1. Go over the candidates 78, 32 one by one and state the one that is at pLDDT 50 or above and either in contact with a strand residue (DSSP E or B) (Cβ under 7 Å, 6 or more places away or on another chain) or open to solvent by less than 20 Å² (accessible area, probe 1.4 Å) (or both).
2. So how many residues does region 111-125 have that are without any contact (Cβ under 8 Å) to a residue 40 or more places away in the chain and closer than 13 Å to residue 82 by Cα?
3. Go through region 51-66 and give me each residue that's surrounded by 13 or more Cβ atoms within 10 Å (Cβ to Cβ) and within 23 Å of the chain's Cα centre (by Cα).
4. How many residues are open to solvent by 10 Å² or more (accessible area, probe 1.4 Å) and either outside any helix (DSSP H, G or I) or of a type in the set (Lys, Arg) (or both) if we restrict to region 253-280?
5. Restricting attention to region 230-252, which residues are in a helix (DSSP H, G or I), open to solvent by 40 Å² or more (accessible area, probe 1.4 Å) and over 16 Å from residue 289 (Cα atoms)?
6. Taking into account only those residues within region 293-331 that are farther than 15 Å from residue 189 by Cβ, surrounded by fewer than 20 Cβ atoms within 10 Å (Cβ to Cβ) and among the hydrophobic types (A, V, I, L, M, F, W, C), which is nearest to the chain's Cα centre (by Cα)?
7. With (1) assigned to a helix (DSSP H, G or I); (2) surrounded by fewer than 15 Cβ atoms within 10 Å (Cβ to Cβ) as the list, and residue 227 as the residue in question, which single condition is left unmet?
8. So is residue 289 touching a Leu at 6+ places or on another chain (Cβ under 9 Å), more than 16 Å from residue 181 (Cβ to Cβ), open to solvent by 50 Å² or more (accessible area, probe 1.4 Å) and among the hydrophobic types (A, V, I, L, M, F, W, C) or not?
Amino acid sequence: MITSSLKLFRYASIIKALFFISILSMSQVYAVQKYSPNDVFSGVEYSNRILDELLSLKNISDLNIPESKEKDAKPMHVYELHVSVLNELYHYALKQKRPPPPLTTSTPIKYTPTDVYYLTQLVINNLEGIYEDEGQIIDFSMNNPSGKTPTDVYQELFKLYYQLNRLNGKKKVSPNEVYSHFVRAKEDLQYTLLLLSKKYNDSEEQKKRLLITAIYGMHPNGTVISAQQMGKKPGDVVEMSFKVRNKLNTLRKHHQLTEITIPSLGDYEQIKPIDAFLQTQFIIAELNLLKIPLDISSTTNSFKAVMGKTPSDVYQIIKHIDYMLERLINTL
């Protein structure tokens, strides 16, 4: 009897071991492959080579490739710029009456190079299709770089964004586009303040009122945000963007997140609207990441085209963002 029980125990142990091994093997087979900044850089660089050829075919040669001054880009920033790249591809596809790529959204998650890689694949697939539609054959392949960082990827992606703008017939990024992206950031922050205000109980009515009134550019004491100032330039917009990012760093520090290094105005020889556009991408990305410790899961609104905007209009929007962040910091 004891022998039979021992055999049964051994048999059960073997079955359990085999089951564990089978599960382990399956997890290895179905494990998600992870990608590095090198993989993303390779895909973006390859995409730029396709665009080089496409722009040449269309006799677009007066290129002025922009340079990012950012030295501390993270996967979340690279992901956000990919969203804008895919938006450019989407509009090009519609004009050419070809199937557009899916539009992606900006969401509050901790992005990794693998998340970014999947967006790069969407870009590659669409650009290859566009190139082949022109009757061309791709006779080059991806390189295999090493030692690349998200900051390296960001510069290459910045070039890609610029070249897609040129493919879409735009010689430069306009204040209209910068304005639209800052509106996305403003609306996102407004909704965040609204959701945060609802988390305060009746004993914290003052904090609730401070957050809600900030949404409208007001203070419970009756004062309002200063009126729009005319004559602003892209440099003023970038300078105000840096003030916003400093406040975002204050909030990051409060939530035990590492601060993001911000360029200085002295890094620029001449500030253009495309430099201001780049700030919108950083701010939107960082507003999303800050939602995580605040336990907020809302997505950022999509891009909506506007007309007739000036740098002064853009400046007023970002001034409101700065105003709301100041209020948020003061209620911590």
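1. 78
2. Qualifying residue count for the region: 3.
3. Of everything in region 51-66, those that are surrounded by 13 or more Cβ atoms within 10 Å (Cβ to Cβ) and within 23 Å of the chain's Cα centre (by Cα) turn out to be 51, 66.
4. 15
5. 236, 239, 243
6. 303
7. (1)
8. So residue 289 does not fit the description; no.
The values are calculated or read from the model by the stated rules, or taken from the named source; none is laboratory data. Not measured: the values here are computed from a predicted model. Please note: Cβ atoms are built from the backbone with ideal geometry, for glycine as well, and neighbour counts cover all protein chains shown. Ligands, DNA and RNA are stripped out before the accessible areas are found, and what is left, the full protein with its side chains, is counted by its heavy atoms. Shrake-Rupley method; radii C 1.70, N 1.55, O 1.52, S 1.80 Å.
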